[in-house]
1. Looking at the structure I just gave you, is Ala254 within 14 Å of ligand 1 (Cβ to nearest atom) and either touching a Ser or Thr at 6+ places or on another chain (Cβ under 9 Å) or not assigned by TED's automatic domain parsing to the domain that holds Phe358 (or both)?
2. Tell me, yes or no, whether region 219-230 has at least one residue that is in contact (Cβ under 8 Å) with a residue 40 or more places away in the chain and within 16 Å of ligand 2 (Cβ to nearest atom).
3. Give region 103-148 a look and list any residue that's of a type in the set (Gly, Ala, Ser), more than 11 Å from ligand 1 (Cβ to nearest atom) and buried (at least 24 other Cβ atoms within 10 Å of the Cβ), or say none.
4. Restrict the check to region 200-212 and report whether at least one residue is within 16 Å of ligand 2 (Cβ to nearest atom), among the polar types (S, T, N, Q) and surrounded by 14 or more Cβ atoms within 10 Å (Cβ to Cβ).
5. Looking at region 223-253 only, could you name the residues that are modelled with pLDDT of 95 or more, surrounded by 19 or more Cβ atoms within 10 Å (Cβ to Cβ) and of a type in the set (D, E, K, R)?
6. Are there any pairs with C-beta distances below 7 angstrom linking a residue in region 294-322 that is closer than 18 Å to Glu367 by Cβ to a residue that is polar (S, T, N, Q), with the two at least 6 apart or on different chains, and if so which?
Amino acid sequence: MEGNQIFNTIEEIKATLEVNEKRAVELLSKELVPCITTGTEKRTRYYTTTNMIGHTKKYIEIKMGEKDIPHTNRDIFLKEPIDEMMDEAITDPAVVITVTNQKGGVSKTTNTVTIATALAMLGQRVLVVDLDPQAQSSTYFNDDSFIGRSIMLLFREYDMNKDNITKELVESVIHTEEGISINGKFSIDILPSELRLGRTMEAIARNFGSHKALSLILDQVKNEYDFIIIDTPPSPGLPLISSMYATDKVVLSAKPTQKSLEGLEMTIEEIKDFNREVEKETQMDAIFINEFNPILNHHHRLLEESVGHSRKIGIPEEREFVSKLAPTIFETSQEAKVSILDYLEKPKDTLAAFDPFFRYASYLVLERVEKAEAEKSMKKGA
Ligand SMILES: Nc1ncnc2c1ncn2[C@@H]1O[C@H](COP(=O)(O)OP(=O)(O)OP(=O)(O)O)[C@@H](O)[C@H]1O
Ligand SMILES: [Mg+2]
C-alpha cells in the first residue's frame, strides 16, 4: 500500500492494518495516535498515511509483544488529503507557537524540535525560530555556526530602521534542513540564532517598541508556513516578551522538579502581566512534563502542582502530556542527529516518545483544518 489514505470509518483502518485480535482492536481504537478525525457527527473522516499506518502497526505489534516487524521506507504527506478535503490548500497565515519556561534544561528545545518534526511529518510547512543565544535548536539538524547569518541580523536591522525588515531580508537568513527521516523526505526551515544575539537583545531591549520586532519579522514570512515554532532561552526579558507579542499559542515545558515549577510560575506571571499591558489574549495551549517517575512521591506532588497551574490558565486536560521516559533515548538520538520520531534503535522507547508529539501535532493540524472549514462556510453563508 502506498500514498495517502482517507478512511471513512475506523473499521476501514482496522482492515488496512489487518488487526482482528480483540486486544489489538481495543488498542487501536483507544490509542491510535497518528490519525486525524474531523467533521461533524454526520461526516467523520480519518486522514492517515502509509507512514502513520506503519508506525501505528508497529506500536500495536510492540504492545502485543511481537518485535520483529521490519520498518520500510515510507513517505508521509498529510497535507494532500487535507487540501483535498478543503478543495484547496489552506492559505491562512501560519499559527505561531512559543515553547517556554524560564527554568533551564526542561526540554524546551527538544520539545520545539520534536513538535516541529511531527508537524513536518504531517506535511505541514514549518519554521523553527531560535531565540536562544545558545542556538541549540539551530544546531539540532545542522552543525553550522550561523555567525552573521542569524536572527541577530534582523533584530539589528529592526533597531536601525524597522522599514529595513523585508521579506527578502528575512528569507535570506532562513535555512532549510531536509532529509533527516528514514521514513522519507520532509523539510524544516530554521531561523537560527547565534551567541551574540544575547547582547544585541539586551542592547535594544530598552528602546521603544522593541517587543514588536519579532512580530514584524515573522509577519514577512507568515504566509509561507503553516506553523512557526519559537524556542526561547531560559530567561525573562526581551526574548520572552517579543515572542509573547508575536505568538498565538504558548506551550509550557516542565519537569517534576521544584525549580521547574518555580520557573513555570514565574513564566505564567510574566506572560499574564505582559498580556495585560498590551491587551492581548494568548492561548495557553499545552504543557509537556517530562521525566516523570511514578515511584517518587515528590514527583506526584510536583506534577499535581504543575498541572494545577496549567489548568488554571486554561490548558485542557487532553493537552497535558506527561512522559515517563528517561533522557537517554533523547540524548542518543540527538547524538545520532536523528529526530526522536525516527530513532528506531529502540523502537519501544521511540514510540512512547513520539506519542505525545504526534497527538499534539494532530490537534494542531485538525484545529487549523476546522478553522479554515468554518471560515469557508461563513464565506459561503455571507
Ligand atoms: N521528553 C523527554 N524525556 C526525557 N528527557 C528529555 C526529554 N526531552 C528532553 N530531554 C532531555 O533533557 C535535557 C534538556 O533538554 P533541552 O536542551 O531540550 O532543554 P531546554 O529547556 O531547551 O534547556 P535550556 O534551558 O538550556 O535551553 C536533554 O538532555 C534532553 O535529552
Ligand atoms: Mg534550549
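1. Working: within 14 Å of ligand 1 (Cβ to nearest atom): yes; either touching a Ser or Thr at 6+ places or on another chain (Cβ under 9 Å) or not assigned by TED's automatic domain parsing to the domain that holds Phe358 (or both): yes.
Yes: the conditions hold for Ala254.
2. Taking every residue of region 219-230 in turn, at least one turns out to be in contact (Cβ under 8 Å) with a residue 40 or more places away in the chain and within 16 Å of ligand 2 (Cβ to nearest atom).
3. Residues of region 103-148 that are of a type in the set (Gly, Ala, Ser), as a first pass: 104-105, 107, 116, 118, 120, 123, 135, 137-138, 145, 148.
Okay, now just the ones that are also more than 11 Å from ligand 1 (Cβ to nearest atom), so 116, 118, 120, 123, 138, 145, 148.
Listed by number, the residues that qualify are Ala116, Ala118, Ala120, Ser138.
4. Residues of region 200-212 that are within 16 Å of ligand 2 (Cβ to nearest atom), as a first pass: 201.
Retained after the next criterion (residues that are among the polar types (S, T, N, Q)): none.
No, that holds for no residue.
5. The answer is Asp231, and nothing else.
6. Here the result reads Glu320/Ser310, each pair linking region 294-322 to a residue that is polar (S, T, N, Q).
So that you can scan it fast, the table gives a plain yes or no per residue for (1) more than 20 Å from Met244 (Cα to Cα); (2) of a type outside the set (A, V, I, L, M, F, W, C); (3) assigned to a strand (DSSP E or B):
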{"position": "Ile271", "(1), (2), (3)": "no, no, no"}
{"position": "Phe274", "(1), (2), (3)": "no, no, no"}
{"position": "Lys280", "(1), (2), (3)": "no, yes, no"}
{"position": "Ile287", "(1), (2), (3)": "no, no, yes"}
{"position": "Ser310", "(1), (2), (3)": "no, yes, no"}
{"position": "Ser333", "(1), (2), (3)": "yes, yes, no"}
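Residues checked against (1) in contact with a helix residue (DSSP H, G or I) (Cβ under 8 Å, 6 or more places away or on another chain); (2) of a type in the set (Phe, Trp, Tyr); (3) under 26 Å from Glu331 (Cα atoms):
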| site | (1), (2), (3) |
| --- | --- |
| Ala118 | yes, no, yes |
| Val126 | yes, no, yes |
| Thr139 | no, no, yes |
| Met152 | yes, no, no |
| Asn164 | yes, no, no |
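The values are calculated or read from the model by the stated rules, or taken from the named source; none is laboratory data. All values reported here derive from a predicted model rather than from experimental measurement. Because the Cβ atoms are built from the backbone with ideal geometry, glycine has one as well, and the counts that use them run over all protein chains shown.
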